[in-house]
Amino acid sequence: MTTTVSLLAAASALPGPAVDNAALGRRLGMDALWEQWVEAFIGTRTRHLAVDLDSGEIRHTLLELAHQAGGRALAAAGVPADEVDLVVLGTATPDRLMPATVNLVADRLGIDGVPSYQLQSGCSGAVQALTVAHGLLLSGGLRTALVLGGDVVARFYDLSADLRKLPPAELVNYVLFGDGVGAAVLRVGEVPGAAALRTVFTRLVGLGRAPGATLEWFGPVDRDSDRPAATEDYKAIEQHVPVLTEEVVAELLERLHWAADEVDYVLPPQLSGRMTRLIVDRLKLPRAAEVSCVADTGNNGNGIVFLQLERALARLRRGDRALGVSIESSKWIKSGFALEGL
């Protein structure tokens with residue numbers, strides 16, 4: 001029985017053109033000093049938004065973006081829809097509570113008669129989805145999985161709000177996040193030219209810790225609630241994420257008996273450009289090249305891992321090793337995975 005799952009291809013879909021800090025600031029009524037603050041302390045230059053800033057209309061749904069990303073990943077892998085045995089989606093922002101977005105994506109792609117799972121989680125939902133697919137593929141009976149992750153956060157923005165009066169926990173969301181979806185195709189066995197998913201794990205570590213992020217779902221009864229739709233405790237994230245990242249890297253190296261100087265690439269948590277730099281500087285991986293995209297795409301939530309994978313697979317060669325880390329701050333989940341070029 002095989003103990004290897006290969007990652008054949010990864011692809012992504014981003015909505016609309018990139019929105020830079022100047023354009024975002026003009027729309028939100030912020031001055032040039034705000035733009036400088038974003039670039040200096042957040043480090044994110046551009047992001048893609050599913051909401052049209054001029055009209056406030058939602059122009060792209062999670063379903064539409066996932067359909068695009070999934071189709072591109074299958075095409076890049078050379079896998080037709082009727083060969084997919086499993087579909088898993090990680091998201092914090094499904095288009096509706098029901099039907100599950102994963103099933104609508106499968107329908108659009110022409111996939112049917114297979115197990116499907118939708119995982120409700122923050123950023124680590126992407127790695128949770130990989131973990132579920134990896135385990136099910138190795139359990140026998142299934143050969144190929146389509147795994148997706150992504151979020152559309154911009155629909156939670158209040159474009160009429162006076163940002164100058166917002167507390168930092170709400171203001172930061174307007175600059176951190178971008179919308180987008182990514183997808184990967186996994187197959188049982190070692191496939192030459194692909195990347196072996198050597199290990200993957202997720203672990204809840206939030207006992208006694210206050211949530212670092214919240215995202216509300218309002219219904220008809222409480223839609224007029226005065227609770228903010230989204231909050232982000234950036235200070236708590238700055239405190240905990242670098243430490244949790246170091247723990248994940250140490251566990252991955254121990255699991256695989258890899259030395260730190262044998263890692264060629266690192267896919268770090270992607271909250272913001274500045275935070276990513278701080279995290280990578282703390283990791284003792286002397287020759288690992290950083291695979292990042294958050295400064296240009298914004299934090300795509302569950303999509304960011306797949307955007308990194310898309311970039312990493314283009315660089316990974318036979319024998320190359322890569323470590324990936326994702327930290328979910330809403331109730332604190334640490335997760336990681338390791339790849340090796342085949």
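The values are calculated or read from the model by the stated rules, or taken from the named source; none is laboratory data. Since we're looking at a predicted model, the values are computed, not measured. Here Cβ is always computed from backbone atoms with ideal geometry, including for glycine, and neighbour counts include all displayed protein chains.
Residues of region 192-246 being hydrophobic (A, V, I, L, M, F, W, C), surrounded by 13 or more Cβ atoms within 10 Å (Cβ to Cβ) and part of a strand (DSSP E or B), which ones?
Selection gives 195, 196, 197, 200, 201, 213, 215, 230.
Tell me whether region 138-145 contains one or more residues that are under 23 Å from the mean Cα position of the chain (by Cα) and not assigned by TED's automatic domain parsing to the domain that holds residue 304.
Yes, because at least one residue in region 138-145 is under 23 Å from the mean Cα position of the chain (by Cα) and not assigned by TED's automatic domain parsing to the domain that holds residue 304.
Using the structure shown, decide if residue 112 is modelled with pLDDT of 95 or more, acidic (Asp, Glu) and either under 20 Å from residue 19 (Cβ atoms) or part of a helix (DSSP H, G or I) (or both).
no
Give, as residue ranges, the helices (runs of 4 or more DSSP H) completely inside region 1-95 that count at least 2 residues that are outside the structural domain of residue 148 (by TED's automatic domain parsing), hydroxyl-bearing (Ser, Thr, Tyr) and closer than 24 Å to residue 322 by Cα.
Filter on region 1-95 gives an empty set.
Out of region 292-331, which residues are outside any helix (DSSP H, G or I) and crowded, with 24+ Cβ neighbours inside 10 Å?
Scanning region 292-331 gives 298, 299, 300, 322, 323, 324, 325, 326, 327, 328, 329.
Taking region 157-191 on its own, how many of its residues are within 18 Å of residue 212 (Cα to Cα) and assigned to a helix (DSSP H, G or I)?
Adding up the residues that qualify gives 8.
Restricting to region 230-252, name every residue that is touching a residue at least 60 places away in the same chain (Cβ under 8 Å) and closer than 16 Å to residue 336 by Cβ.
Selection gives 240, 241, 244, 245, 247, 248, 249, 251, 252.
Out of curiosity, is residue 146 surrounded by fewer than 24 Cβ atoms within 10 Å (Cβ to Cβ) and either at pLDDT below 90 or not in a helix (DSSP H, G or I) (or both)?
no
Here are some conditions: (1) surrounded by fewer than 17 Cβ atoms within 10 Å (Cβ to Cβ); (2) aliphatic (A, V, I, L, M); (3) in a strand (DSSP E or B). Residue 98 meets all but one. Which one does it not meet?
Residue 98 satisfies every listed condition except (3).
Basic (Lys, Arg) and modelled with pLDDT under 95 - does that describe any residue in region 67-79?
No, region 67-79 has no match at all.
Looking at residue 107, is it closer than 19 Å to residue 152 by Cα and surrounded by fewer than 18 Cβ atoms within 10 Å (Cβ to Cβ)?
no
State which residue is surrounded by the fewest Cβ atoms within 10 Å (Cβ to Cβ) when the search covers only region 1-39 and only residues that are free of Cβ contacts under 8 Å to residues at least 60 places away in the same chain and of a type in the set (Gly, Ala, Ser).
Checked region 1-39; the qualifying residue surrounded by the fewest Cβ atoms within 10 Å (Cβ to Cβ) is 32.
Of the residues that make up region 126-136, is at least one within 21 Å of the chain's Cα centre (by Cα), at pLDDT below 95, buried (at least 22 other Cβ atoms within 10 Å of the Cβ) and not in a strand (DSSP E or B)?
no
Against the condition of a type in the set (A, V, I, L, M, F, W, C), touching a helix residue (DSSP H, G or I) at 6+ places or on another chain (Cβ under 7 Å) and free of Cβ contacts under 8 Å to residues at least 40 places away in the same chain, how does residue 166 come out, does it pass?
Spelling it out, it is not the case that residue 166 is of a type in the set (A, V, I, L, M, F, W, C), touching a helix residue (DSSP H, G or I) at 6+ places or on another chain (Cβ under 7 Å) and free of Cβ contacts under 8 Å to residues at least 40 places away in the same chain.
Of the numbered conditions (1) at pLDDT 95 or above; (2) within 16 Å of residue 233 (Cα to Cα), residue 214 fails exactly one; give the number of that condition.
(1)
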